[in-house]
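The values are calculated or read from the model by the stated rules, or taken from the named source; none is laboratory data. Since the model is a prediction, treat every value here as computed from it, not as a measurement. With ideal geometry, Cβ positions are generated from the backbone for all residues, glycine too; neighbour counts draw on all protein chains shown.
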């Protein structure tokens, strides 16, 4: 594997600081991070697709409709606190 001088320096510093025992451990940590980021990205895309499907099925709300609901929620909370 060929690394740029900057990446070589970064790897050497991380190993010297004791963050990783060797280059292999550093690579494993990097690949684990990539795996987690890809899983998060996939979950985000899935949530966007679900929201899009929900919008297609149920339509959308206007800002005015949302504000009416928010006002009702706030008023109910204020009544409970009183």
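Quick notes
- The single condition from (1) assigned to a helix (DSSP H, G or I); (2) modelled with pLDDT under 95; (3) surrounded by 11 or more Cβ atoms within 10 Å (Cβ to Cβ) that residue 25 fails is (2).
- Per the listing 50, 11, 77, the residue uniquely touching a helix residue (DSSP H, G or I) at 6+ places or on another chain (Cβ under 8 Å), outside any loop (DSSP other than H, G, I, E, B) and without any contact (Cβ under 8 Å) to a residue 24 or more places away in the chain is 11.
- Among the residues of the stretch 36-46, none qualifies, meaning not one is in a helix (DSSP H, G or I), surrounded by 10 or more Cβ atoms within 10 Å (Cβ to Cβ) and touching a helix residue (DSSP H, G or I) at 6+ places or on another chain (Cβ under 6 Å).
- Set 77, 50: member being within 26 Å of the chain's Cα centre (by Cα) and surrounded by 10 or more Cβ atoms within 10 Å (Cβ to Cβ): 50
- Failed condition for residue 26, given (1) touching a helix residue (DSSP H, G or I) at 6+ places or on another chain (Cβ under 7 Å); (2) free of Cβ contacts under 8 Å to residues at least 12 places away in the same chain: (2)
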